[in-house]
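In what follows, a single structure is set out as structure tokens and then discussed.
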Amino acid sequence: MSGMEVLKAFGFDPTEEPESIYPFSPVFRVNDYIVKRTKSPMAKANRLISYTSALKEKGINIVTPVKLGAANPQEIGDDVYVVYPYINGSVYSGQQHEIYEAGKLLGKIHLHSPIENTYELEEYDVFDFNNEEVDESIENIKRHKEGAGSSIDSIQLKEKLLRIVTQQKELKRLPLPSVATPHDYKANNLIYTAEPFLIDPDNAIWIPKIFDLALVLLLFHNEMATAPARIFSPAEWKVFLLGYKETMTVTEMEIEMWSKAVEHVFLDEVMWLMAEVEEDWSHLSQVKLFESIVELLFDTSEYRLD
């Protein structure tokens, strides 16, 4: 399905094929609107919109579908597309107040999660990694890091990941508190107006709360040109948590399992990113980010939840 066909389906009148503003999926800006692919099939898209609309009604700064003459969202070809408003503002640059406000917004989002998965969002259940997947990923990472001249120790990383694989069953059986959350909570999905505004909620999921926080710690600066080429410093992580804890608390179990949660999210989210997205290794800032994430993986002691 061409971008022009997608835009015409929503009542826009493009004169040429639009160019996506995001390299990994179709995202088109049309004047004051953003047209993008969302969850499919339509039943999942509607559950997502029910969730984000409820957040918006509670005062959360989050995009929801705009009213158009055409249906929004709608199925186009094999996918579902949605039109959101374009949010004017500034992008993240690593300032203390931006970090604090980002933590504060995520805290509010988690606060307004229902106790049960009443929106029927997809439930996180990725606890089936195996040694063969680690072996294959490490071979790719080794090749990429050598081409980029990176100092990452692939042998030590492999040993660490193989140990993490053995922890999955323990994490899966624990009654960790879960939340409905947009997930993928990263700097490149926030626009700073008077307060930060979440512009990409389409990965919403029902997931253990500390897994969502662990993703923030690991990948908040991922693929963000204006962010530091590293993870949060320990002091910055404390600032993020300061904002988060204005409205949310963490349990003793979450504090106890935090390091293992960070390790598991690395296995799930970062390992494939380092192994499969080869083009990232051609950008020095991304390589430095990967190096800092791996350094964190080996020692999380300065990045606590309490």
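Bear in mind that the values in this text are calculations on the coordinates, not laboratory data. Every value quoted in this text rests on a predicted model; they were computed, and no experiment measured them. Heads up, the Cβs are rebuilt from the backbone with ideal geometry, glycines too, and the neighbour counts pull from every protein chain shown.
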query = Just how large is the dipole of the range 3-85 about the Cα centre, in debye to the nearest 20, putting +1 at every Lys and Arg Cβ and -1 at every Asp and Glu Cβ?
reply = 560
inquiry  = Using a Debye calculation, one point per C-alpha and no hydration shell, please list log10 I(q)/I(0) for the range 171-306 at q = 0.10, 0.21 Å⁻¹ in order.
reply    = -0.32, -1.54
remark   = So, with points 7 Å from each Cα along the Cβ direction, the Glu146-Ser53 label distance in nm works out to 5.5
ask   = Taking the chain as a Gaussian network, Cα atoms linked when under 10 Å apart, which of Asp212, Asp153, Asp200 shows the biggest mean-square fluctuation?
value = Asp153
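Hey, with R₀ at 45 Å, roughly what FRET efficiency would Ala71 and Ile155 work out to, going by the Cβ-Cβ distance, to 0.05? Before the final figure, lay out the partial values.
Values: r = 54 Å, r/R0 = 1.20.
E(calc), rounded to 0.05, equals 0.25.
Report the percentage of all Cα-Cα pairs in the chain whose separation exceeds 30 Å, rounded to a whole percent. Could you put the intermediate results ahead of the total?
Details: 16533 of 46665 pairs.
Roughly 35 percent, rounded to a whole number.
What pairs from Lys142/Lys260; Lys160/Lys238; Lys186/Lys209; Lys108/Lys260 go past 18 Å between their alpha carbons?
Details: Lys142/Lys260 24 Å; Lys160/Lys238 26 Å; Lys186/Lys209 15 Å; Lys108/Lys260 25 Å.
Among Lys142/Lys260; Lys160/Lys238; Lys186/Lys209; Lys108/Lys260, the Cα-Cα distance tops 18 Å for Lys142/Lys260; Lys160/Lys238; Lys108/Lys260.
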